[in-house]
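Trainee: A single structure is presented below for examination.
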Amino acid sequence: MTASARLLIVGPQGSGKGTQGVLVAEAFGIPVVSTGDIFRANIKAGTELGQQVTAIMEAGDLVPDELTSAIVRDRLSQDDAANGFLLDGYPRNTAQVAHLDEFLGERGETLDAVILLDVPREESLERLRLRAIEQGRADDTAEAIAKRLDIYEQETAPIIEVYAERGIVDRIDGVGSLEAITERIGAALAARGLAQRV
Ligand code: ADP
């Protein structure tokens, strides 16, 4: 059994990466590090960081790379991430990939696998529409969704190429039941010798 798993989950808005990320992290006994969740928690708590990012997030824009990377470095430096973590929402562009490479490099670490959740655009748009009704997220307006999907295609999709060249991308069909998708991810990670704890 591997002692650690350093994972990244990537997929377009509405791909279900947040939900699957939590399930996979639980199975591996590692913490989820979701930049979106960190920012939302700060907005809710009214912190200085929260005030800095509120307008940016509501517009569907990216928080500046330096700020986001500093927050992730901080989070990954905590004890519970020493033996692994699952990143959700970071890195989101090639500049952030470089920041993460530098940080992990200093620690003699690398990412073990990048889980790419593949979902057709119509399906993810439908899921986002439902989430907007259910959760009322401030950035689930039509304008902010369109902006986030554009940024995904232009800035985030290219990072998949970078990781694919390193041979660590597992493309997973993200259409199906929650359990079926979790199983597909588990099987792909197992094929890399990454064993789940439970
Ligand atoms: P989604 O994937 O649905 O856009 P997230 O929770 O991942 O939702 O992100 C919500 C928002 O948080 C983004 O639109 C952006 O404003 C901010 N954010 C999250 N991660 C990053 C990141 N890595 N870099 C810059 N901004 C980010």
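Trainee: What tally of residues in the stretch 113-128 results from selecting those that are open to solvent by 50 Å² or more (accessible area, probe 1.4 Å) and farther than 15 Å from THR156 by Cβ?
Mentor: So the count comes out to 6.
Trainee: For the stretch 17-31: of the residues being under 11 Å from the mean Cα position of the chain (by Cα) and buried (at least 20 other Cβ atoms within 10 Å of the Cβ), which is farthest from the ligand (Cβ to nearest atom)?
Mentor: To start, the set of residues in the stretch 17-31 that are under 11 Å from the mean Cα position of the chain (by Cα) comprises 17-22.
Still in the running and buried (at least 20 other Cβ atoms within 10 Å of the Cβ): 17, 20-21.
Details: LYS17: 7, GLN20: 13, GLY21: 10 Å.
Across the stretch 17-31, the extreme among qualifying residues is GLN20.
Trainee: Taking the residues in the stretch 48-65 that are among the β-branched types (Val, Ile, Thr) and open to solvent by 30 Å² or more (accessible area, probe 1.4 Å) as candidates, determine which candidate is nearest to the ligand (Cβ to nearest atom).
Mentor: Filtering the stretch 48-65 down to residues among the β-branched types (Val, Ile, Thr) leaves 53-54, 56, 63.
This time we only want the ones that are open to solvent by 30 Å² or more (accessible area, probe 1.4 Å), so: 54, 56.
Values: THR54: 10, ILE56: 5 Å.
Here the residue is ILE56.
Trainee: Here is a follow-up. In the stretch 66-102, what count of residues is obtained for those that are surrounded by 17 or more Cβ atoms within 10 Å (Cβ to Cβ) and of a type outside the set (A, V, I, L, M)?
Mentor: 13
Trainee: Any residue in the stretch 92-108 that's under 16 Å from ASP79 (Cα atoms): show its pairings with residues that are within 14 Å of the ligand (Cβ to nearest atom) and open to solvent by 10 Å² or more (accessible area, probe 1.4 Å) at Cβ separation under 6 Å, as long as the two are six or more apart or on different chains.
Mentor: PHE103/ARG73
Trainee: Of the numbered conditions (1) under 17 Å from the mean Cα position of the chain (by Cα); (2) open to solvent by less than 50 Å² (accessible area, probe 1.4 Å), GLU109 fails exactly one; give the number of that condition.
Mentor: (1)
The values are calculated or read from the model by the stated rules, or taken from the named source; none is laboratory data. Everything numeric here is computed off the predicted structure, so don't read it as measured data. Neighbour counts are summed over all protein chains in view; Cβ atoms, including those assigned to glycine, are modelled from backbone coordinates with ideal geometry. Heads up: the accessible areas ignore ligands, DNA and RNA and are worked out on the full protein's heavy atoms, side chains in. Shrake-Rupley method; radii C 1.70, N 1.55, O 1.52, S 1.80 Å.
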